[in-house]
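Data first, discussion second: the structure below is written as structure tokens.
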2 protein chains.
Amino acid sequence: MNFSSKLIEDTVNEFSKLPGVGKRTALRFVLHLMKQSPDEVSQFSTAFTRLRQELRYCAKCHNVSDKPLCEVCLNPHRDHSTVCVVEDIRDVMAIENTQQYRGVYHVLNGIISPMDGIGPSDLTIESLVQKVAAGEIKEIIMALSTTMEGDTTNFYIYKRLKEYSLTVSTIARGIAIGDELEYADEVTLGRSIVNRTPYENSLVIK
Amino acid sequence: MNFSSKLIEDTVNEFSKLPGVGKRTALRFVLHLMKQSPDEVSQFSTAFTRLRQELRYCAKCHNVSDKPLCEVCLNPHRDHSTVCVVEDIRDVMAIENTQQYRGVYHVLNGIISPMDGIGPSDLTIESLVQKVAAGEIKEIIMALSTTMEGDTTNFYIYKRLKEYSLTVSTIARGIAIGDELEYADEVTLGRSIVNRTPYENSLVIK
């Protein structure tokens, strides 16, 4: 594309670095910004410059937080002996939205992915092992995605925690509520039969 | 959504002001930026702050330009007596990409849209009328979209230019090359029959 302006070209290139944004969408964003007042543009710019500079992570669970400890970790009504291990803060938000989980979290900030050059030392696994070694945790719930990388990370953490006496569980995989059996994939359907649950459990809606 | 951080919430809100971006996509952008180095983030921010402050428009055709006049207007090999009227710079890029047009442009920077509070005075129509009044233009090609707003703008410009002796044409509307007749909408198909062109014209590929 010929943008007839170096400034526009630079900005389009910057925007198209965002995930899922191509040149065409980037150009749409740029045209939108060009129509905003200088104040609005600087407000936009300030928002994420501040974010990058001032954002803190919870010292205990590595979730994002404006304070040294996040709201979940500070909450005395949560069960601090149950820890749900997730990939990033989006998963925390998703689980919090269900309002079904009363334990705390541990955010890995990624998953083991040799293809992207991400090894165990790039994640917060060591901090998880230390928490477990301190002996305060009774159960770890692995809630990573069922990809090759997720499975690898699950297995790595499982091996690291084997020597400690605690329960390691994973979230239930099965047919989503409302889904038709005939359209479910074989792996999920197979696992949902193997890991069947007592009928009474499906009646309990808290 | 509960973002558990005011900084993230602010940035997500700013990003979701971009056209076609919802909270979920905005959060994806924010997570991407959080993983970038401070240098990369400031580079991103500088790009569009500079754009907003330094971007200039061509004094003649109102296209974006880093110089007082844009490359098209400065080009002596272009036909300066034929002016194609378009809504915004994306249309200039699209037409330039065809490499079929040798005239110059006039960018309206919008179309008349009472719903959005955009009247003729918000556009560069006055400057177009002045150029026509100066007597250097032989033909105006209207290349606006065939929406209610586009038609209104076409008609308004047509009325403003009626007193001057020049040709006002619109780009050809018809069945796109490669499209099946049976799937074409009735209005387009009807117009393509009324505005049929001599067979020889379809053979000329420059």
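Using Cβ point charges alone (K and R +1, D and E -1), the dipole size of the protein assembly as shown about the Cα centre works out to roughly 720 debye.
By the compact-protein rule of thumb, 2.2 N^0.38 Å, the alpha-carbon radius of gyration of region B:6-54 corresponds to a ratio of 1.19. Taking Cβ atoms as reference points and 10 Å as the exclusive limit, the residues near residue B:90 contribute a net charge of -1, counting Lys and Arg as +1 and Asp and Glu as -1.
Taking the protein heavy atoms of chain A in the context of the full set of protein chains, the accessible area attributed to carbon and sulfur is 52 percent at 1.4 Å. Convex hull volume of the Cα atoms of the protein assembly as shown, normalised per residue: 232 Å³. Looking at the square roots a ≥ b ≥ c of the eigenvalues of the Cα gyration tensor of region A:134-178, which shape do they give, rounded for a/c under 1.5, prolate if a/b is larger than b/c, or oblate? Note, shape of region A:134-178 comes out oblate. Where chain A is carried onto chain B by rotation, the Cβ closest to that axis, with its residue and distance in Å, is A:45, 2.
Looking at the protein assembly as shown, the DSSP beta bridges with both ends there are about 20 percent antiparallel. Counting only the Cα atoms, region A:119-206 fills a convex hull of 146 Å³ per residue. Distances from residue B:50 to itself in the other copies, using label points 7 Å out along the Cα-Cβ axis, amount to 2.5 nm in increasing order. Label-to-label distances for residue A:100 across copies, nearest first, come out at 5.7 nm, using points 7 Å from Cα in the beta-carbon direction. Using a cut-off of 29 Å between Cα atoms, the listed pairs A:23/B:138; A:17/B:6; A:67/A:162; B:23/B:67; A:67/A:159; A:23/B:162 include A:23/B:138; A:67/A:162; B:23/B:67; A:67/A:159; A:23/B:162 as exceeding that distance.
Over all directions, the projected convex hull of the C-alpha atoms in chain A averages 17.2 nm² in area. For residue A:195, the distances from its label point to the matching points in the remaining copies are 6.0 nm, ordered from shortest, with each point set 7 Å beyond Cα toward Cβ. Expressed to the nearest 5 percent, the antiparallel share of DSSP beta bridges inside chain B is 20 percent.
The string of couplings for region A:83-99 from the Karplus curve (6.51, -1.76, 1.60, θ = phi - 60°) is 10, 9, 8, 10, 6, 8, 5, 5, 5, 4, 4, 4, 6, 4, 5, 6, 6 Hz, one whole number per residue in order, with x for Gly and Pro.
The values are calculated or read from the model by the stated rules, or taken from the named source; none is laboratory data. The shown structure was predicted, so the numbers you read here are calculated from the model rather than taken from an experiment. No Cβ is skipped: glycine too gets one built from the backbone with ideal geometry, and neighbour counts run over all protein chains shown. Accessible surface areas use protein heavy atoms only, side chains included; no ligands, DNA or RNA. Shrake-Rupley method; radii C 1.70, N 1.55, O 1.52, S 1.80 Å.
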